[in-house]
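The values are calculated or read from the model by the stated rules, or taken from the named source; none is laboratory data. Computed from a prediction, not measured in an experiment: that's the story for all the values here. As a convention, Cβ positions derive from the backbone with ideal geometry for all residues, glycine included, and neighbour counts pool all protein chains shown. Just the protein is used for accessible areas: all its heavy atoms, side chains included, with ligands, DNA and RNA removed. Shrake-Rupley method; radii C 1.70, N 1.55, O 1.52, S 1.80 Å.
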Amino acid sequence: MKSSLLSLPGAVPAEGRDEGVAAHYGDLFREQRALADGSGFVDLSHRGVVTVTGDDRLSWLHLLLTQHVSDLPVGRATEALILSANGHIEHALSLVDDGETVWAHVEPGTQGELIAYLESMKFFYRVEVADRTDAFAVVHLPAGSTAGTPEGVVVRETAHGRDLFLPRAELESFAAAHGPAAGVLAYEALRVEGHRPRLGFETDHRTIPHEVGLIGTAVHLQKGCYRGQETVARVQNLGKPPRRLVFLHLDGSEVILPGHGTPLRLASDGPDGRQLGFVTTAVRHHELGPIALALVKRNVPVDAPLVAGTTAAAQETVVEP
């Protein structure tokens, strides 16, 4: 989906997974500061929107998701995963129930596979699954925003802000009333600062929830059976995950940020040393400078100086070893 807000003054299109919305509108740090102060909004209209309706929607989703949703209160935001049989993360859903419909937004382009899986699991349950991406756009209002919510719009309110499921036809009028707009680079910088993992960035085909700190936020340990639960329970009760998420402070003298997948090594071993992990998301923060999230092997010492490619990196623990 290509956002109509790319026509706003100064809009520079994002690339890669976030293609279709603005990376920034001309001043990355100003946009970050605005979001941190609770003003402006972020156009996330490239994200997929999926709805589930029907009398059995919550009890049915409860059987499929890692989250406890069978008695999810109306209006309460939550996060959930769908795992493979081996416990690897396949889908991440940011969802809310409005009393009649479960609304979820997901990573751009993943809604097709998600809906195919959900459709295959309907059986005799009274549910209907729909792709609403063409009709609804996700818009993010930062924490502390005093902007009003348009009447009738479904809202997910979290500690990080409000996600609105806005009718796509109202996107431009919303922007005119609630600016200034901030690009996804500003949104990503605050996400990295908050140590919040993102599907396809902090995860790969073999990531399990423990590695990226999703136990308790997107995975409920006291609920019934779901696909992949055996792996979650085994790691929780008997072992440790093979990798762990870390936060990195990068050398600010480097001009270019290390890209996704850049190898991490011990600084003492140099750029030719054994690879111990990789950078997942690197950003420039308005206060902290260049920072990143990364996955490293569990046994990497928590205080060991690292090097990302050729860039020096000091780590902070996100997931305990």
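Worth a mention:
- Residue within region 193-209 that is loosely packed, with under 14 Cβ neighbours inside 10 Å, within 14 Å of the chain's Cα centre (by Cα) and either over 16 Å from THR281 (Cβ atoms) or not polar (S, T, N, Q) (or both) present: yes
- Wholly within region 16-71, strands (runs of 3 or more DSSP E) carrying at least 2 residues that are closer than 16 Å to THR110 by Cβ and of a type outside the set (A, V, I, L, M, F, W, C): 48-53
- Of the residues TYR117, TYR125, the single one that is open to solvent by 20 Å² or more (accessible area, probe 1.4 Å), part of a loop (DSSP other than H, G, I, E, B), more than 25 Å from ALA34 (Cβ to Cβ) and modelled with pLDDT of 95 or more is TYR125.
- The number of residues in region 244-268 being of a type outside the set (A, V, I, L, M), more than 21 Å from ARG198 (Cβ to Cβ) and open to solvent by less than 80 Å² (accessible area, probe 1.4 Å) comes to 4.
- Evaluation of GLY239 against (1) open to solvent by 70 Å² or more (accessible area, probe 1.4 Å); (2) without any contact (Cβ under 8 Å) to a residue 12 or more places away in the chain; (3) closer than 23 Å to HIS210 by Cβ; (4) not aliphatic (A, V, I, L, M) (one fails), failing number: (1)
- Positions within region 292-321 being open to solvent by 60 Å² or more (accessible area, probe 1.4 Å) and in a strand (DSSP E or B), in sequence order: LYS297, GLU316
- On inspection, VAL154 passes the criterion of being among the β-branched types (Val, Ile, Thr), farther than 30 Å from ALA292 by Cα, modelled with pLDDT of 95 or more and surrounded by 15 or more Cβ atoms within 10 Å (Cβ to Cβ).
- Every residue from region 72-85 that is in a loop (DSSP other than H, G, I, E, B) and touching a helix residue (DSSP H, G or I) at 6+ places or on another chain (Cβ under 8 Å): LEU72
- Any hit, region 61-83, residues being touching a Lys or Arg at 6+ places or on another chain (Cβ under 9 Å), open to solvent by 40 Å² or more (accessible area, probe 1.4 Å) and among the hydroxyl-bearing types (Ser, Thr, Tyr): yes
- For region 14-28, the criterion of being of a type in the set (D, E, K, R), crowded, with 20+ Cβ neighbours inside 10 Å, farther than 23 Å from GLY259 by Cα and at pLDDT 95 or above is satisfied by no residue at all.
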